[in-house]
1. Say whether the condition of being basic (Lys, Arg) and under 30 Å from LYS157 (Cβ atoms) is met by at least one residue in the stretch 92-115.
2. Please go through the stretch 22-50 and pick out each residue that is touching a strand residue (DSSP E or B) at 6+ places or on another chain (Cβ under 7 Å) and polar (S, T, N, Q).
3. So, of the residues in the stretch 2-37 that are touching a His at 6+ places or on another chain (Cβ under 9 Å) and of a type in the set (Val, Ile, Thr), which turns out to be surrounded by the most Cβ atoms within 10 Å (Cβ to Cβ)?
4. Given the conditions (1) closer than 18 Å to ILE29 by Cα; (2) β-branched (Val, Ile, Thr); (3) out of contact with any strand residue (DSSP E or B) (no Cβ under 9 Å at 6 or more places or on another chain), and given that VAL128 satisfies all but one, which numbered condition is not satisfied?
5. Given (1) over 30 Å from LEU40 (Cα atoms); (2) of a type outside the set (D, E, K, R); (3) loosely packed, with under 12 Cβ neighbours inside 10 Å, where does ALA173 come up short, assuming only one miss?
6. Considering only residues of the stretch 34-61 that are touching a Ser or Thr at 6+ places or on another chain (Cβ under 9 Å) and part of a loop (DSSP other than H, G, I, E, B), which is farthest from GLU115 (Cα to Cα)?
7. So which residues in the stretch 132-142 are buried (at least 22 other Cβ atoms within 10 Å of the Cβ) and either within 12 Å of the chain's Cα centre (by Cα) or not small (Gly, Ala, Ser) (or both), if there are any at all?
8. Is it the case that the stretch 60-72 has a residue that's within 16 Å of the chain's Cα centre (by Cα), surrounded by fewer than 19 Cβ atoms within 10 Å (Cβ to Cβ) and closer than 19 Å to ARG159 by Cβ?
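Computed from the coordinates by the stated procedures, all read-outs in this text should not be read as laboratory data. All of these numbers come straight from a predicted model, not from anything done at the bench. For neighbour counting, all protein chains shown are included, and Cβ atoms are generated from backbone atoms with ideal geometry for every residue, glycine included.
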Amino acid sequence: MEVIGLTGGIASGKTLVSKILTDLGAYIINADLIGHQVYLPDKDAWRDIVATFGPAILKPDQTVDRAKLGVIVFNDKEALNKLNQITHPRIVEETQRDIAVQRDKRGDKGHVFLEAAILIEANWLFLVNKVWVVVADKEVAIQRLQRDRNLSPEDAKKRLATQLSNEERIKYADLIIKNNGSIEELQEQVERAWYELNAKGIA
């Protein structure tokens, strides 16, 4: 079984590509969703996060207030590293468990996709056999952030500046999906890539 990493920067359209693939019948393991789950109060990571950052980051229902935590780690690289040291190993562990379950079901045939925004930044490439990278031009991404997240142009540029550039991501890509146009154009690209996988007998 082949594991294909699906990644891309903010406002690239990675999530939309994932939805298109799901509609086509692909199986997606969402590392970003797993990342949210490790913050839940019944998880070991929750206890470590509270011990590290204090109870002030909790909501009244005892769940982590990710907005408060985000303010702390966004402005403090050391704090971000501490958070990543708590959460990343748990995300990898859960992801590997999901991959193993699918491998037991599928054997040597077929593939699954691992959707992960920080696949490259977190050094998770060892989890996948190939990488599909979704990219959008900087100007397009800024427009989307203004439209969809109500950010100012300055804040949108700051968000993009904290991430890997398209050029850096593309270095790791086995397939590049360019998303500067319409949803229909994106769908056509994704469908073509999907059917090529089928043609190779590994879909």
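1. No.
2. Here is the first cut: in the stretch 22-50, the residues touching a strand residue (DSSP E or B) at 6+ places or on another chain (Cβ under 7 Å) are 22, 26-32, 39, 46, 49-50.
Correct list: THR22, ASN30.
3. ILE4
4. The single condition VAL128 does not satisfy is (3).
5. Result: ALA173 passes all but (3).
6. The qualifying residue farthest from GLU115 (Cα to Cα) is PRO41.
7. As a first pass, look at the stretch 132-142 and keep what is buried (at least 22 other Cβ atoms within 10 Å of the Cβ): 132-136, 141.
Scanning the stretch 132-142 gives TRP132, VAL133, VAL134, VAL135.
8. The answer is no; no qualifying residue exists.
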